[in-house]
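Peer 1: Take this structure, written in structure tokens, and hold onto it; I'll ask about it next.
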Amino acid sequence: MASIISIENLTKTYDSGFQALKGINLDIEQGEIFALLGPNGAGKTTLISIICGLVNPSGGQVTADGHDIIKHYRQARSKIGLVPQELTSNAFESVWDTVNFTRGLFGKAPNPKHIEKVLRDLSLWDKRNERLMALSGGMKRRVMIAKALSHEPRILFLDEPTAGVDVELRREMWTMVRELRESGVTIILTTHYIEEAEEMADRVGVINQGEIVLVEQKQDLMRKLGRRELRLALREPLSNIPAGLKDRDLSLSEDGYQLTYRFDSQQDDTGIPEMLATLNDAGIDYKDLQTRESSLEDIFVNLVHRND
């Protein structure tokens, strides 16, 4: 699939000497939902700001839909919509006026039908004449998305789009993002909600300390790095892990009533039958067992700590 954003050897060093980005290489495919994950200070915002033309890079090259973001700034920026994390809008404008005005900022001719469609898709049509100051936080977030879509971009950046919104609104926005993708818009999402990336993303990129740690198809990532846990609820508490199981990846809960065994589900030999047999030989009885698969959050935390 063709890349709609191509980043080559991108670096950014601020005047203070802090190196925020260290040779980033990344291609984002047309029509995908790409989740960019990373701890605070990892470089996510700097990377997005450079692509959107808000911050100048120190080195490297970025193209958006075939346009160099420095040499062809206007053409590149016209292809990009950005929904920032912070809610910044003129509180005295109406919803219609602020969205319509934003379209004009990109040099686009007036198109009331498109503005109406965007507002209807975001459940804002009934609020079109209301001032922003009268809207709830969730509705203001929708207006920010409407502004970003007003000039019909092919690329949409969502920087923490559901921060501070309730669960119901978050799921409504997930549905909206999928519909945008189906219409051909490429979505780049940064989020602290790991379940958001797990729910929506086609691919996941992890950035840490200014470097891309990993880029992978979400399902491939979870298959390759995901581990499973077998949890055994014991009938009687243990004070120690049995000697015959010391070499296994086992942990004992503080109260001694739960043993947790971690294993690679991709291996033919998980070691589970041998472990259960050892427990039986040691006279250790359990009343229940459960398995749990690693989540994207588990994988993310492991990747970040591995690269610290």
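The values are calculated or read from the model by the stated rules, or taken from the named source; none is laboratory data. All figures in this text were calculated on a predicted structure; none of them were measured in a lab. Reconstructed Cβ throughout: ideal geometry from the backbone, glycine too, with neighbour counts over all protein chains shown.
Peer 1: Only one of Gly107, Gly53 is assigned to a loop (DSSP other than H, G, I, E, B), on the phi > 0 side of the Ramachandran plot and surrounded by 14 or more Cβ atoms within 10 Å (Cβ to Cβ); which?
Peer 2: On the way: Gly107 fails: surrounded by 14 or more Cβ atoms within 10 Å (Cβ to Cβ).
On inspection, the qualifying residue turns out to be Gly53.
Peer 1: A follow-up question, please. Take Ile69 and tell me if it is under 19 Å from the mean Cα position of the chain (by Cα) and surrounded by 14 or more Cβ atoms within 10 Å (Cβ to Cβ). Give the steps one after another, and end with the answer.
Peer 2: On the way: under 19 Å from the mean Cα position of the chain (by Cα): no; surrounded by 14 or more Cβ atoms within 10 Å (Cβ to Cβ): yes.
Criteria not met by Ile69.
Peer 1: Which one is farthest from the chain's Cα centre (by Cα), of the residues in the range 12-33 that are over 18 Å from Gly66 (Cβ atoms) and hydrophobic (A, V, I, L, M, F, W, C)?
Peer 2: Checked the range 12-33; the qualifying residue farthest from the chain's Cα centre (by Cα) is Phe18.
Peer 1: Continuing with the same structure: Evaluate the range 8-24: report whether one residue or more is of a type in the set (Phe, Trp, Tyr) and part of a strand (DSSP E or B).
Peer 2: Going through the range 8-24, the residues of a type in the set (Phe, Trp, Tyr) turn out to be 14, 18.
From what's left, part of a strand (DSSP E or B): none.
For the range 8-24, residues of a type in the set (Phe, Trp, Tyr) and part of a strand (DSSP E or B): absent.
Peer 1: If you don't mind, another one. For the range 19-32, does any single residue satisfy the condition of being in the same structural domain as Thr162 (by TED's automatic domain parsing), β-branched (Val, Ile, Thr) and in contact (Cβ under 8 Å) with a residue 60 or more places away in the chain?
Peer 2: yes
Peer 1: Return the residues of the range 56-77 that are without any contact (Cβ under 8 Å) to a residue 24 or more places away in the chain, in a loop (DSSP other than H, G, I, E, B) and within 12 Å of Ile7 (Cα to Cα); say none if nothing qualifies.
Peer 2: The answer is Gly66, Ile69.
Peer 1: Just to confirm my filter: which helices (runs of 4 or more DSSP H) fall fully inside the range 131-237 and include at least 2 residues that are modelled with pLDDT of 90 or more and in contact with a strand residue (DSSP E or B) (Cβ under 8 Å, 6 or more places away or on another chain)? Write out each step before concluding.
Peer 2: Values: elements: 137-149, 167-182, 194-200, 218-225.
Here the list reads 137-149.
Peer 1: Something else now. Is it the case, given these coordinates, that Ser94 is within 23 Å of Thr175 (Cβ to Cβ), among the small types (Gly, Ala, Ser) and free of Cβ contacts under 8 Å to residues at least 60 places away in the same chain? Show your work before the answer.
Peer 2: On the way: within 23 Å of Thr175 (Cβ to Cβ): no; among the small types (Gly, Ala, Ser): yes; free of Cβ contacts under 8 Å to residues at least 60 places away in the same chain: yes.
Considered against the rule, which asks whether it is within 23 Å of Thr175 (Cβ to Cβ), among the small types (Gly, Ala, Ser) and free of Cβ contacts under 8 Å to residues at least 60 places away in the same chain, Ser94 comes out as no.
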